[in-house]
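Single-structure report; data block below.
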Amino acid sequence: MGYRDVAKIGIGGPVGSGKTALVRRLVPELVDEGYEVGVIANDIMTQEDADVFRESFGDLLPADLVEGVETGACPHTGIREDPSMNLAAIDEFTERHPDLDVVIVESGGDNLAATFNPELADYFLFVISVAEGEDIPRKRGPGVTQADLLVVNKTDLAPYVDADLEVIESDAADVRGDDPFVFTNCKDGTGVDEVLEHVDREVLFA
Amino acid sequence: MTIDSDSFLTALRLSDSFLPVGGYTASYGLEQYVNEGRIGDGDDLRALLAGYLRRVVGPCETVALANAHDASSSDDLDQLLEVDARLHAVTMPSEFRESSTKAGAKLCELLAGTEEDLASVDVRTGLRQKFATRIDAGETPGHYPVVFGVVAQSRGLPRLEACLSHAYSFVTGLLGAAQRLGRFGHTEIQRVLGDLESVVVEICDRHVDDDATAMASFAPLAEIMGMRHERAGRRLFMS
Ligand SMILES: Nc1nc2c(ncn2[C@@H]2O[C@H](COP(=O)(O)OP(=O)(O)OP(=O)(O)O)[C@@H](O)[C@H]2O)c(=O)[nH]1
Ligand SMILES: [Mg+2]
């Protein structure tokens, strides 16, 4: 058993866009579907992040399936050029839990250019927030264009930041071509089902 | 000294930050020095790294690497395991051991996956494979300098040049970490690197022929920093 034997989902996106909020919504659903799930957080103060995760998941996940992995101040190196330490952490998960089905790797908050190494993530979600500006999709950052699924989060905040969801939608459709994107509000859970459908279809039943 | 082109390329490859073995996640306590405000400028950095070279990299890692290289040439697994165990014992902070063994395992794994073509040694049945199996089984820690020594020897890189490559990449790794942690100009960093070259040469010359039993470190402050790092409030690095 090793990292090659589990499905790996990478979640990237700018600082504060809602990556952790999405992970916290997804994990209970996946566990409910009967999967054994592990979570890795790459961030500053990763151990603190991991502790927050551990607490928020309570009995859903064993504490040793939640891990923080430091990335030497290079969040994109950790998921792109040299993912070896993340893979080592996944190897440790599979050693301890041979029945593990899926691991979610949350990248540290990064810029719009960050993408996941395909050896680290079988499926790559990029989370942006409407509050970062309605022009984010049309900047065509590699994260936005190359992700398997683009998640546009915090739709509830659109009115407060003068972001027009219709503009975002048409820009996203434009830059994504045939590739999917989903609007979410991770605060109340709207749209999370749709994210889950993609994950189920593209990763877990694949 | 002359080495052939293949060995020279091996030296470059093994000391290149492009080698994906997670070196960029290790600071070997440097982050803690920065956290505690002990590193202000390039002079502090130069002094610190010279100390690491003379007290840790030279008398521990270089000795381990050189003896692993020897063990590899004489196909002596017991000697190799002995060297690995000793390096483990003299590396005090647990995070230093962790950074080193993780990188060691990754180097093993990486080459196992990409070296089927290596004609000079039978990598599948050879010493390296046996060592890798012991590492996998958790029977030996598999420290990076030890794996490095075996890999270098099996690819024909001579002992001294292997030690120089390793010490050099240790320095560039920590300088890169310093640059991401603090405020150092790229030219200042290169100046420090240039100044440390003579120390790299000095410590490799001094320790390349040491017996494995001579392995020892004396770097109490660095070790304390390494241990305090385990409980640091801000952590960007694994060690
Ligand atoms: N209003 C609103 N707030 C949200 C939503 N999703 C997340 N948040 C809030 O936005 C803040 C940042 O969310 P996180 O999930 O921590 O963002 P992140 O992408 O993980 O951040 P980093 O890991 O620091 O890059 C938190 O205060 C969340 O509660 C949303 O859909 N709507
Ligand atoms: Mg987060």
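Data overview
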{"read-out": "Among A:Pro28, A:Pro75, A:Pro14: highest mean-square fluctuation, GNM of chain A, C-alpha pairs under 10 Å", "value": "A:Pro28"}
{"read-out": "MRE, 222 nm, helices only [DSSP H, n ≥ 4, -39500 (n - 2.57), over chain A, to nearest 500]", "value": "-10000 deg cm²/dmol"}
{"read-out": "Nearest-20 debye value, the protein assembly as shown charge dipole, Cβ charges on Lys, Arg, Asp, Glu", "value": "1400 debye"}
{"read-out": "Average beta carbon contacts from partner chains per residue of A:73-84, 10 Å cutoff", "value": "5"}
{"read-out": "Shielding of B:96-109 by partner chains, average beta-carbon count, 10 Å", "value": "2"}
{"read-out": "Selected from A:Asp193, A:Asp51, A:Asp59 as most flexible by GNM, with chain A as the system and alpha-carbon contacts under 10 Å", "value": "A:Asp59"}
{"read-out": "Under 5 Å, built H, 5+ apart or other chain: amide partners of A:Val105", "value": "A:Ile9, A:Gly10, A:Ile11, A:Ile40"}
{"read-out": "Mean Cβ neighbour count within 10 Å, used as a protection proxy, ranking A:104-117, A:87-100 highest first", "value": "A:104-117, A:87-100"}
{"read-out": "For region A:1-66 and region B:134-207, distance of Cα centres in Å", "value": "35 Å"}
{"read-out": "Angle between chain B longest axis and helix B:5-14 axis [Cα atoms, degrees, rounded to 10]", "value": "50 degrees"}
{"read-out": "Sequence-separation-based contact order of chain A, relative, with Cα cut under 8 Å and 6+ spacing, percent", "value": "27 percent"}
{"read-out": "Within 10 Å of each Cβ in B:126-134, the average number of Cβ atoms from other chains", "value": "0"}
{"read-out": "Helix-only CD estimate at 222 nm, as mean residue ellipticity for chain B, using -39500 (n - 2.57) per DSSP H run (n ≥ 4)", "value": "-20000 deg cm²/dmol"}
{"read-out": "Cβ-isolated cysteines (cut-off 4.7 Å), chain B", "value": "B:Cys60, B:Cys108"}
{"read-out": "Total charge dipole magnitude, region A:163-206, about the Cα centre, Cβ charges on Lys, Arg, Asp, Glu only, Debye to nearest 20", "value": "200 debye"}
{"read-out": "Once the Cα gyration tensor of region A:3-204 is diagonalised, semi-axes √(5λ) in Å", "value": "27, 18, 16"}
{"read-out": "Percent antiparallel among DSSP beta bridges (both partners in region A:3-204, rounded to 5)", "value": "5 percent"}
{"read-out": "Ranked packing of B:14-21, A:34-41, most packed first, by mean Cβ within 10 Å", "value": "A:34-41, B:14-21"}
{"read-out": "Among A:Asp32, A:Asp179, A:Asp171, residue whose mean-square fluctuation peaks in a GNM of chain A (springs only between Cα atoms under 10 Å)", "value": "A:Asp32"}
{"read-out": "Distant-in-sequence amide H partners of A:Val15 (H built 1.01 Å from N, under 5 Å)", "value": "A:Asp110"}
{"read-out": "Size of charge dipole - chain A - debye, nearest 20, with Cβ of Lys, Arg +1 and Asp, Glu -1, no other charges", "value": "400 debye"}
{"read-out": "Relative packing of B:104-111, B:160-167, which averages over residues the other C-beta atoms within 10 Å, highest first", "value": "B:160-167, B:104-111"}
{"read-out": "Where only alpha carbons of the protein assembly as shown are counted, the Rg and the Dmax (Å)", "value": "23.5, 73"}
{"read-out": "Over region B:5-229, volume per residue of the alpha carbon convex hull, in Å³", "value": "109 Å³"}
{"read-out": "Kyte-Doolittle mean at least -0.5, axial Cα span of 15 Å or more - DSSP H helices of chain A", "value": "A:19-32, A:84-96, A:165-176"}
{"read-out": "Shielded by partner chains, region B:212-239 residues - at least 10 Å² of accessible area, 1.4 Å probe, vs chain alone", "value": "B:Gly233, B:Arg234, B:Arg235, B:Leu236, B:Phe237, B:Met238"}
{"read-out": "In Hz, Karplus ³J(HN,Hα) per residue of region A:60-76 (6.51, -1.76, 1.60; θ = phi - 60°; x = Gly, Pro)", "value": "5, 10, x, 4, 7, 10, 10, 9, x, 10, 6, 10, x, 6, 10, x, 6"}
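The values are calculated or read from the model by the stated rules, or taken from the named source; none is laboratory data. Bear in mind the structure is a predicted one, so any value in this text is a computation, not a measurement. Glycine gets a Cβ as well: all are built from the backbone with ideal geometry, and neighbour counts include every protein chain shown. SASA here: full protein model, heavy atoms, side chains in, ligands and nucleic acids out. Shrake-Rupley method; radii C 1.70, N 1.55, O 1.52, S 1.80 Å.
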